[in-house]
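These notes concern the structure reproduced below.
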């Protein structure tokens with residue numbers, strides 16, 4: 001009468017590939033954000049290229065945190081596959 005419980009079997013290979021692609025893009029965006037914000041800080045200006053944050057100091061720190069999060073996540077995924085779990 002009732003539905004069978006859903007089985008949790010883990011992520012499929014395609015989902016892992018999408019996760020790695022997303023994290024790689026996030027790390028590239030973080031490096032780009034750091035580059036643009038440092039350039040704006042050195043020039044004494046504001047960010048005017050469509051960022052939602054115009055303060056280059058804040059954008060720099062967002063880039064740092066995004067880079068840290070994406071690199072640690074990529075490292076965790078790599079360790080998972082190296083250990084074969």
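The values are calculated or read from the model by the stated rules, or taken from the named source; none is laboratory data. If you're wondering where the values come from, they're calculated on a predicted model, not measured in any experiment. Please note: Cβ atoms are built from the backbone with ideal geometry, for glycine as well, and neighbour counts cover all protein chains shown.
Just give me the residues in the stretch 13-54 being outside any helix (DSSP H, G or I) and under 16 Å from residue 66 (Cβ atoms), in sequence order.
Going through the stretch 13-54, the residues outside any helix (DSSP H, G or I) turn out to be 44-54.
Once the filter is applied, which keeps residues that are outside any helix (DSSP H, G or I) and under 16 Å from residue 66 (Cβ atoms), the stretch 13-54 yields 47, 51, 52, 53.
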Legend entry - Test for residue 58: is it surrounded by 12 or more Cβ atoms within 10 Å (Cβ to Cβ) and at pLDDT below 85: no
